[in-house]
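The values are calculated or read from the model by the stated rules, or taken from the named source; none is laboratory data. Predicted, not measured: the structure shown is a model, and the values here were computed from it. Here the Cβ positions follow ideal geometry from the backbone for every residue, glycine too, while neighbour counts run over all protein chains shown. To get the accessible areas, we keep the full protein, side chains included, count just its heavy atoms, and leave off ligands, DNA and RNA. Shrake-Rupley method; radii C 1.70, N 1.55, O 1.52, S 1.80 Å.
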Amino acid sequence: MKTIGIIGGGQLGLMIAEQAAVLGHRSICLDPSADAPAFRVCDEHIVAAFDDATALEELCRRSDVVTYEFENVPGEVIIPLTEKYNIPQGYRPLYDSQDRVREKRNAAANGLRVPRFADVLGEESLRRGIAEVGYPCVFKTRTLGYDGHGQVVLRGEEDIAKTQPYWQTPAILEQFVPFDYEASIVMVCDGERIIHFPVGQNIHRDGILDLSIVPAPRMSDAVRNEMVRSSEEFMRRCGYTGILAIEYFVRGDEIYFNEMAPRPHNSGHYTIEGCDTNQFRELCRYLTGEELHEPHLVAPTVMKNILGEDLAEAERIAVETGGGTDSRSSRPEPGTYVHIYGKSVSKPKRKMGHITYVGMDMAEYDRLWRDRFVK
Ligand code: AMP
């Protein structure tokens, strides 16, 4: 039995802790809020800020191995810890993903196609960036952006003023990719072998993931194979180990890198019941030095994210379907699985849970479930 330390106690930390327990390990979690979701299931916890070096050191001291579910741990805090303690993913994948310009340069340098982009700061450089990238384009803050926060789509001159609140903030301007659909892949590498979970098609609403559909209905085998091949090659070239999720835009036969995360990913939540092993469990196997298991899809699966506005309906569905909120089942089978994260404050657009429908395709989801949720 090992103790896995987790930096971050949100829903990802919760599900890592659940799978650590399935494999017979302990977990200890650090998060700034005293009622973080993961604290309900981990064995020990520490309430502290992500830049509290003393508290992070305490977490490392009490753990055999440490991982992160929070991507913005400052380098100056985590680098000294990686030198002293067992944090096998290290700082490098965090460094490469914490800044959108650095992230895109790194992706391009390691074999992935990226949308045209320019780094911008203030109005003048924004106008130069527009001349380079062209309309339509997307303005995003370079750091701390997620789920569409700090993003503005520019279709013409008249939209420039909308970026004004961010003129003091380093930003990226990206070509707007008129994609056919979005897709993502989650991989785990133990240093030699890479396993990947089946590629899903993702539908976002207001910049936030709404649905993941697996297998990706619109994806040809050729595109899927290319996505797997180039993602694995990217991971090897970067020398990353542990877990890595990559989000892509797909247009015809072309796949464009959008962003990556060196942690379990929202689009991989379907793996808990939709596959015979899941992203959280394989991360724990990597962390504890156990052999990785190659995942297989149990049946076509749809994952619906539950934001605050749909929480009450999701709770009703849990009662109706008997779909418990326990992610720990080790024998998945077709059915409806409701996960409620137990966050104390529910707000519109806040991720409060998800529902996984195993043995369901998009047409059936549309017919049976779509109308139950806020449009
Ligand atoms: P991000 O936070 O960068 O993943 O952006 C959130 C969502 O906004 C994406 O999943 C897309 O749906 C959309 N989006 C972001 N960047 C672009 C782009 N360059 N072209 C088209 N759509 C985009």
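Cross-link partners for residue 84 among the lysines, with Cα-Cα distance under 19 Å and sequence neighbours closer than 8 places in the same chain left out: 2. Keeping the other protein chains in place, figure out the carbon and sulfur percent of the accessible area of the range 181-372, with a 1.4 Å probe. After summing per-atom areas, the C and S share lands at 46 percent.
Each helix, a run of at least 4 DSSP H residues, gives -39500 (n - 2.57); summed and divided by the residues of the chain, these come to -8500 deg cm²/dmol at 222 nm. Note on residue 351: aspartates and glutamates with a C-alpha under 12 Å away, same-chain residues under 8 apart excluded, are 147, 210, 309, 310. Using equal-weight Cα scatterers in the Debye expression, the normalised intensity of the range 181-372 in log10 at q = 0.09, 0.12 Å⁻¹ is -0.32, -0.57. The mean of 1/r over all pairs of different alpha-carbon atoms in the range 96-222, once inverted, gives a Kirkwood hydrodynamic radius of 16.2 Å. Using the average count of surrounding beta-carbon atoms within 10 Å as a protection proxy, the listed peptides 316-322, 349-355, 236-242 rank, highest first, as 349-355, 236-242, 316-322.
Summarising the amide proton neighbourhood of residue 142: residues at separation of 5 or more, or on other chains, whose placed amide H is nearer than 5 Å comprise 171, 172. Please say if the range 248-320 is rounded, prolate or oblate, where rounded means a/c under 1.5 for a ≥ b ≥ c the square roots of the C-alpha gyration tensor eigenvalues, and otherwise the choice is prolate for a/b larger than b/c and oblate otherwise? Oblate shape, in that a/c is at least 1.5 and b/c is the bigger or equal ratio. Each of 343, 375 has its accessible area taken with a 1.4 Å probe; listed largest first, they run 375, 343. With R₀ fixed at 56 Å, the C-beta to C-beta distance from residue 22 to residue 153 puts the FRET efficiency at about 0.85. Please state the shape class of the chain: rounded when a/c is under 1.5, otherwise prolate if a/b exceeds b/c and oblate if not, all from the C-alpha gyration tensor. It comes out rounded by the Cα gyration axes. Residue ranges 14-27, 163-176 sort as 14-27, 163-176 when ordered by packing (mean number of other C-beta atoms within 10 Å per residue, highest first). At a probe radius of 1.4 angstrom, the accessible area of the chain per residue rounds to 41 square angstrom. Counting every alpha-carbon pair across the range 3-87, the share separated by more than 16 Å comes to 43%. Label zone (residue 105, point 7 Å along Cα-to-C-beta; backbone nitrogen cut-off 15 Å) within the range 136-169: 142-143. Packing-based ranking of 356-364, 43-51 yields 356-364, 43-51, ordered from highest to lowest mean Cβ neighbour count within 10 Å.
Here the extension length gained between residue 349 and residue 161 equals 65.2 nm, from 0.36 nm per residue of separation less the Cα-Cα distance. From the square roots a ≥ b ≥ c of the eigenvalues of the alpha-carbon gyration tensor of the range 58-143, which class results: rounded (a/c under 1.5), prolate (a/b over b/c), or oblate? Prolate. Of the listed residues 345, 199, the order by accessible area with a 1.4 Å probe, largest first, is 345, 199.
Legend: residue pairs 104/304; 140/375; 162/343; 304/343; 140/349, Cα-Cα distance threshold 22 Å; pairs beyond threshold, 104/304; 140/375; 162/343. Stretching residue 251 away from residue 237 to a fully extended chain increases their span by 2.6 nm, per 0.36 nm per residue minus the current alpha-carbon distance. Report the full-extension gain for the segment residue 86 to residue 40: residue separation times 0.36 nm, less the Cα-Cα distance, to one decimal in nm. Gain in length upon complete extension: 14.1 nm.
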